[in-house]
1. Considering (1) crowded, with 20+ Cβ neighbours inside 10 Å; (2) at pLDDT 95 or above, say which one T80 fails and leave the rest.
2. For S130, are the conditions met, namely being surrounded by 13 or more Cβ atoms within 10 Å (Cβ to Cβ) and modelled with pLDDT under 95?
3. List pairs: first in the range 58-72 and touching a residue at least 12 places away in the same chain (Cβ under 8 Å), second in a helix (DSSP H, G or I) and not polar (S, T, N, Q), Cβ under 8 Å, 6+ apart or cross-chain?
4. Give the residue, chosen from A192, A218, that is small (G, A, S) and within 22 Å of the chain's Cα centre (by Cα).
5. From the list G142, G124, G138, G147, exactly one residue is touching a helix residue (DSSP H, G or I) at 6+ places or on another chain (Cβ under 7 Å), modelled with pLDDT of 95 or more and of a type in the set (G, A, S). Which is it?
6. Restricting the range 160-210 to residues that are touching a residue at least 60 places away in the same chain (Cβ under 8 Å) and either in a helix (DSSP H, G or I) or in contact with a helix residue (DSSP H, G or I) (Cβ under 8 Å, 6 or more places away or on another chain) (or both), which is farthest from W141 (Cα to Cα)?
7. Return the residues of the range 35-55 that are over 18 Å from G91 (Cβ atoms) and either assigned to a strand (DSSP E or B) or of a type in the set (S, T, N, Q) (or both); say none if nothing qualifies.
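The values are calculated or read from the model by the stated rules, or taken from the named source; none is laboratory data. Source: prediction; values computed, not measured. Virtual Cβ from ideal backbone geometry, glycine too; neighbours counted across all protein chains shown.
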Amino acid sequence: MGLSRFYKFMLSISLSLAFSSVAMAEDANVQTLSEGACWYEQGEFLKIASFNDRESLFISRDDIEEQVSDLLNPSKKKKTLTNDLSLHCGGYGSSLVVKTELDHKPVCLWVKFVKGKLVMRSLGGLEANSSDGDICDGYKWGELIVGVKTLDQKELLQSEHFTSIVKSVSTISGTTLKVTLQPQFHGKEVEAMSELKKQVDLRYIELNLYQHPVGEAASLK
């Protein structure tokens, strides 16, 4: 019980820092997500209090872009644009979700915040069907999930016929496979999918998406 009271006390301090006063909870500018698991306010600074992971954030958009840039390209001192930024909140805690570019390729970045600093959760390619303001998951470069109809199709994918596209094939379960592509197809997964579908009558073939916790999201300005 003592530990629980301590956390409640510390969280109340974090909330006071992030939102200036408890009275701000009644302010129309303060919004909540996931049934009150997160409070946030937008303005000159983004203020977030996340109850489930006991974290708070008080940060400017410039600082977000600088920290994201450090995560993506630590050697390049250039801010990364974060025009499409969202807050995701759930039982696990909270994340900022960023759609941006890396080496001229669209990417999806999930970050958590620890003591005011952004820490990477996942980084992957941006799904082509991701609309502005929608949460992305990101997919793993150079990987596909494939459902075959027969084990003969697995052997075909492992054969010399596909060595220019396929690096390796492993079984996830039964007739569900993970196909690892040759390096030249990293970032060209959709092109590889199209070629494999053209030559093999598969049950399905899809990008290998990152799996993120269930929660509620809001687009940030």
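1. It is condition (2) that T80 fails.
2. Yes: the conditions hold for S130.
3. Taking only residues 6 or more apart or on different chains, the pairs are F58/L17; F58/A18.
4. A218
5. It is G142.
6. This residue is I205.
7. E41, Q42, F45, L46, K47
Conditions tested, residue by residue: (1) under 10 Å from the mean Cα position of the chain (by Cα); (2) assigned to a strand (DSSP E or B).
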residue	(1), (2)
E101	no, yes
C108	yes, yes
L123	yes, yes
N129	no, no
D134	no, no
